[in-house]
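The values are calculated or read from the model by the stated rules, or taken from the named source; none is laboratory data. These figures come from a predicted structure and were not determined experimentally. Don't worry about glycine lacking a Cβ; one is built from the backbone with ideal geometry, like all the others, and counts go over all protein chains shown. These area figures cover heavy atoms from the full protein model, side chains too; ligands, DNA and RNA do not enter into them. Shrake-Rupley method; radii C 1.70, N 1.55, O 1.52, S 1.80 Å.
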Amino acid sequence: MASPVSLHFSDFADERGRVDYYWSRLRSLDVPVPETTFVTLEATDDGYRWDTDEILAFMADRDLHRAFVRTQYKAATVRLREGSFVSRPDADAVDRTVASLLNQNDEQGWPHGDGLVVREWLDLDFCRFPSHSCHPSVRFFVDDGEVIGRTPCRPDASEMVCAGGYEYVEPVLDATSFETPRRYADRIAAEFSEATWGVDFVLDTRGDWYCAEFNFNSVYWNRPEERWWDMCGQGDFEPLGPTELHSAALWGVRPASADEERDRWW
């Protein structure tokens, strides 16, 4: 580990958790990313409004037979395929998927950020079970211009795919090197040196790495649990994550409740 992770306070609506916060800068780097577009999402009295034709036009322009959809902040939180996988370039398929995405995230209390993020669907199906999500991936933690760690700490591509893996992906797994995404993470760390991030990379079945997502590596107050939690999942890097590393600074500190804030202003 190069240096300790810094301490930032945040919540789920923090703009640094939005895709469009970091997207233009990420696109300027020599880092592979999925083909992506942004579509406005408008709240209405009875739900939400989005431009289905704009999503279909993006798919047609990029010759995409499938697509992935998420909000500015989050993919579908419970049933990923149902709420983030557009199975074909068809208006009903698009609308059904987006409606499920928004319903799922509303149930979990996630903000939408007034926008949808639509991108190519990367083939991550390394096994024959549609309900599984087993594929090589790694999250790098970057802070103050450096890569300070990763999870898994000792990644092994073959261990990331279940026993139902396809035989034809075995050569891809055998040839997988986690040094490739590490080089990309170094470039990202140098560009995004103003804060601390968890940066996700995934490997598709052709053996190509993509930077799929950023997560702001801050802490937030979990009111139901009455304790500080990491905004970004730490995996086996948890002992060096912000809540653990800064536990002494966080001890006994808590934000004001909604009632306390109201009393303060009246």
Note to self: Going by what's in this entry, would GLY241 be described as among the small types (Gly, Ala, Ser) and within 26 Å of PRO34 (Cα to Cα)?
What the structure shows: no
Filter segment 190-230 for residues that are polar (S, T, N, Q) and either in contact with a strand residue (DSSP E or B) (Cβ under 7 Å, 6 or more places away or on another chain) or open to solvent by 40 Å² or more (accessible area, probe 1.4 Å) (or both); the one that is nearest to GLY17 (Cα to Cα) is ASN215
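Look through PHE216, PHE192, PHE237, PHE201 and report the one residue that is more than 30 Å from ASP125 (Cα to Cα) and in contact (Cβ under 8 Å) with a residue 60 or more places away in the chain.
Numbers: PHE216 fails: more than 30 Å from ASP125 (Cα to Cα); PHE237 fails: more than 30 Å from ASP125 (Cα to Cα); PHE201 fails: more than 30 Å from ASP125 (Cα to Cα).
Exactly one residue qualifies, and that residue is PHE192.
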Reported set for segment 1-22 where residues are within 24 Å of ASP106 (Cβ to Cβ) and either surrounded by fewer than 17 Cβ atoms within 10 Å (Cβ to Cβ) or hydroxyl-bearing (Ser, Thr, Tyr) (or both) is SER10, ASP11, PHE12, ALA13, GLU15, ASP20, TYR21
Okay, strands (runs of 3 or more DSSP E) sitting entirely in segment 184-252 with 2 or more residues that are out of contact with any Cys (no Cβ under 7 Å at 6 or more places or on another chain) and more than 16 Å from LEU29 (Cβ to Cβ), I get 196-203, 219-222, 227-230
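Looking at segment 141-196, which of the residues that are of a type in the set (Phe, Trp, Tyr) and touching a Lys or Arg at 6+ places or on another chain (Cβ under 9 Å) is farthest from ASP230 (Cα to Cα)? Give the derivation first.
Of all residues in segment 141-196, those of a type in the set (Phe, Trp, Tyr) come to 141, 166, 168, 178, 184, 192.
Within this subset, residues satisfying the condition of being touching a Lys or Arg at 6+ places or on another chain (Cβ under 9 Å) are 141, 166, 178, 192.
On the way: PHE141: 13, TYR166: 35, PHE178: 25, PHE192: 19 Å.
The selected residue is TYR166.
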Filtering segment 182-235 down to residues that are out of contact with any Pro (no Cβ under 7 Å at 6 or more places or on another chain) and acidic (Asp, Glu) yields ASP186, GLU191, GLU194, ASP200, ASP204, GLU213, GLU225, GLU226
Those residues of segment 23-41 which are surrounded by 17 or more Cβ atoms within 10 Å (Cβ to Cβ) and more than 24 Å from GLU54 (Cβ to Cβ) amount to VAL31
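What tally of residues in segment 168-189 results from selecting those that are open to solvent by 10 Å² or more (accessible area, probe 1.4 Å) and touching a residue at least 60 places away in the same chain (Cβ under 8 Å)?
Taking segment 168-189 first, the residues open to solvent by 10 Å² or more (accessible area, probe 1.4 Å) are 168, 170-180, 182-184, 186-187.
If we keep only those that are touching a residue at least 60 places away in the same chain (Cβ under 8 Å) as well, we get 184, 187.
Of the residues in segment 168-189, 2 are open to solvent by 10 Å² or more (accessible area, probe 1.4 Å) and touching a residue at least 60 places away in the same chain (Cβ under 8 Å).
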Quiz item: Looking at this structure, is ASP174 within 20 Å of CYS232 (Cα to Cα) and in a helix (DSSP H, G or I)?
Solution: no
Being free of Cβ contacts under 8 Å to residues at least 40 places away in the same chain and among the aromatic types (Phe, Trp, Tyr): is that true of PHE141 here?
no
Filter segment 120-160 for residues that are part of a loop (DSSP other than H, G, I, E, B) and among the aromatic types (Phe, Trp, Tyr); the one that is least open to solvent (accessible area, probe 1.4 Å) is PHE126
